[in-house]
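Following: one structure in structure tokens, then a few remarks.
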Amino acid sequence: MHLRPGFAGELPAPGTVVVVCGYLRIREASGGFRIEAETSLLPTDEAGERARTREKWRRELTDEGVFARPKRHLPDFPAAIALVTSEHGAAARDVAAVVKRRAPWVALRAFDCAVQGIAAPASIVRAVSAAGASDADLILLTRGGGGADDLSAFDDPAVVRAIASSRLPVVVAVGHEPDSTLSDLAADLTAPTPSAAAEQVVPERSALLERLRAVRRRVRSACRDTLERSRAGLGDVGARVDRAFSRNLRVSRERLSSAEALATRLLVLVEQRRARVRRTSVASRDAAFSSVSDRRKRLGTFGPDALLRRVKRLVREQRAELGKWRRLLHANSPHTILAKGYAIPVRDDGGAVRGIADVRPGANLRLLLVDGTVDVIVSAQAHELDGGLTDAYDLR
């Protein structure tokens, strides 16, 4: 048996049955082999006692429900990692190298502790507690590989309870497979080596860049699809607006044509009234002149004073006559009639409503007022009663 450098312990007496943890080296040429022991040579009775103690602790922790608690979720993109290990061991260097290579932006918070020996359990508990109170996103509890006796601190119930009650998720990577400790059962994630643990908890920069590129492609595609849908929607809205505008323009033109036709008819009526007034005025003037001539002839025999009095009286009479005709013309003017509060109802086809038979309930009418027009909808018909006409229009 060959003992590797750094082996601590005394060789047992010849014939003693021992438990050896180490490596088997086979020489292919000669067929010989040797064992390179990495741990102390434990008598079988000591190994059995340790196994019984470990099984006792496992049952106690199982009864407490330590191993049955739900696993905590590890962050996908941690910003800081609390590294609980011996600052003099190779595990710290391996983890730091992997983190620097894969995700150099992740900060490492080192919490030094002993990882083997009698004082190791208490030291690990203090370091895990301090790490849980830090600003880190998770705890990585690790150490280099070793034999079962070197990993006994990670079977200690105090260490297992500290892992289970930690505020932060805990990753345990102690020893090499097939080594397993009670701390592995309580951890949220286990790894065979410190390097493997670091690779599991930090993303790889190249993989992140590829994910970002994929996300960017999906975002661009989604934006293009949204833009195309928006353009199609705007096209439909534009078409609807154009149709609505054309329809409103056509209706407005029809209404304008109706109003123009009505205005033309009103102008014809006004001109007819004006012509009638002019004829009446000319006839009145001729009659007045004829009357004056006759009176002058008859007054020729009178003196100047009497003639002046009769002329003044005649002028007053003629002025009164002209005032009467002026009032008559003013009373018959369409504008004067509208100013009194009357309105001229006109149908959609431009025809004036002359009686109740010309309209039906629900018909659209336009009322011509003295200062504008009003669109109305006929809500009901009414007949002349003793008290007058009931309301026949619903102004909208």
For Lys56, which lysines qualify as cross-link partners when the Cα separation must be under 20 Å and same-chain residues fewer than eight apart are set aside? none
For Lys324, go through the lysines and keep the ones whose alpha-carbon is under 30 Å away, minus same-chain ones fewer than eight residues off. Lys297, Lys312, Lys340
Can you list residues whose amide H is under 5 Å from Ser86's amide H, if they're 5+ apart or on another chain and H is modeled 1.01 Å from N? Cys113
Residue by residue, what Karplus-based ³J(HN,Hα) values in Hz, rounded to whole numbers, does region 61-74 have, using 6.51, -1.76 and 1.60 with θ = phi - 60° and x for Gly and Pro? 5, 5, 4, 6, x, 4, 7, 8, 5, x, 6, 7, 7, 8
For Lys100, give me every one of the lysines with a C-alpha distance below 29 angstrom, ignoring sequence neighbours fewer than eight places off in its own chain. Lys71
Rounded to whole Hz, the Karplus (6.51, -1.76, 1.60) HN-Hα couplings of region 183-188, x for glycine and proline: 5, 5, 5, 8, 6, 7
I'd like to compare 97-106, 324-333: which one has the highest average count of other Cβ atoms within 10 Å, and what's the full order after that? 97-106, 324-333
Could you work out how much longer the chain between Leu308 and Val282 gets when fully extended? Use 0.36 nm per residue separation minus the Cα distance between them, nm to one decimal. 6.8 nm
Ordering of 218-229, 182-193 by burial proxy (mean other Cβ atoms within 10 Å per residue, highest first): 182-193, 218-229
Points 7 angstrom from Cα along the Cβ direction at Glu254 and Lys340: gap in nanometres? 3.5
Here, Ala380 and Thr53, labelled 7 Å along Cα→Cβ, have an inter-label distance in nm of 10.6
Under the 7 Å Cα-to-Cβ spin-label approximation, Arg161 and Arg205 lie apart by a distance in nanometres of 4.4
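Only the coordinates and a few stated rules stand behind these numbers; no lab work does. In this text the structure is predicted, and so the values were computed from the model without any measurement. No Cβ is skipped: glycine too gets one built from the backbone with ideal geometry, and neighbour counts run over all protein chains shown.
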